[in-house]
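Below: the structure, in structure tokens.
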Ligand SMILES: [Mg+2]
């Protein structure tokens, strides 16, 4: 099993679960999940592209995304909504998953290689980076917003392997979104679908060999 490389997602794996954070933001902003989802779906249909994907690939800015989304929600609810505080609220609701961060550290201390592969937002980089010692834990970061590709596009997994100088078969990939895991597995990576910290930890340790 030598030469195994841990490739981890960020949101929902190295943090508290994302649905909890979204629920808190929606509650604080007075926007229901239905209103938010409906606005995104209408934007996707009208523009022929998913606005979230455009944001995550760095093709639109976060302020432009929030303004467009806010306008769409306001049109539906018939009242102003505070989208400008969305990211502030979102990050306030998100906690680092210290047990998963400890696992990454243990993997690294054991001499195995580690990479972070994240679908993210360019303007959020300082916020998410402040939640963990990124450069201590990972030798490589591939961020969708800076490479113009997002999971589950096979191209971003290929790019990660290329930058690691590694084969997909060497990689143990962990993500809380199933389609991202399916894409990784299709390319030959060992995929771990994160559901709980205990389950993911068990499966990662088994895939890497005993870590601790
Ligand atoms: Mg995630």
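No lab work stands behind these numbers, since they all come straight from the coordinates. On a predicted model such as this, the values are computed, not experimentally measured, just so you know. Because the Cβ atoms are built from the backbone with ideal geometry, glycine has one as well, and the counts that use them run over all protein chains shown.
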When only residues in region 71-88 that are surrounded by 19 or more Cβ atoms within 10 Å (Cβ to Cβ) and assigned to a helix (DSSP H, G or I) count, which is nearest to the chain's Cα centre (by Cα)?
86
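Quick grid of which residues meet (1) within 14 Å of the ligand (Cβ to nearest atom); (2) outside any helix (DSSP H, G or I); (3) farther than 27 Å from residue 89 by Cα:
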| site | (1), (2), (3) |
| --- | --- |
| 126 | no, no, no |
| 135 | no, no, no |
| 156 | yes, no, yes |
| 160 | no, no, yes |
| 174 | yes, yes, no |
| 181 | yes, no, yes |
| 191 | yes, yes, yes |
| 195 | yes, yes, no |
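I'd like to verify a number: residues in region 1-38 that are without any contact (Cβ under 8 Å) to a residue 60 or more places away in the chain and either assigned to a strand (DSSP E or B) or under 27 Å from residue 95 (Cβ atoms) (or both), how many?
Taking region 1-38 as the starting set, the residues that turn out to be without any contact (Cβ under 8 Å) to a residue 60 or more places away in the chain are 2, 19, 23, 26-27, 30-38.
If we keep only those that are either assigned to a strand (DSSP E or B) or under 27 Å from residue 95 (Cβ atoms) (or both) as well, we get 19, 23, 26-27, 30-37.
Here the count works out to 12.
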Within region 158-178, residues in contact (Cβ under 8 Å) with a residue 24 or more places away in the chain and under 14 Å from the mean Cα position of the chain (by Cα) come out as 173, 174, 175, 176, 177
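Evaluate the following for residue 4: is it surrounded by fewer than 14 Cβ atoms within 10 Å (Cβ to Cβ) and away from the ligand (no atom under 16 Å from the Cβ)? If you could, list the steps in order and put the result at the bottom.
Values: surrounded by fewer than 14 Cβ atoms within 10 Å (Cβ to Cβ): no; away from the ligand (no atom under 16 Å from the Cβ): yes.
Taking the combined requirement at face value, the residue does not satisfy it.
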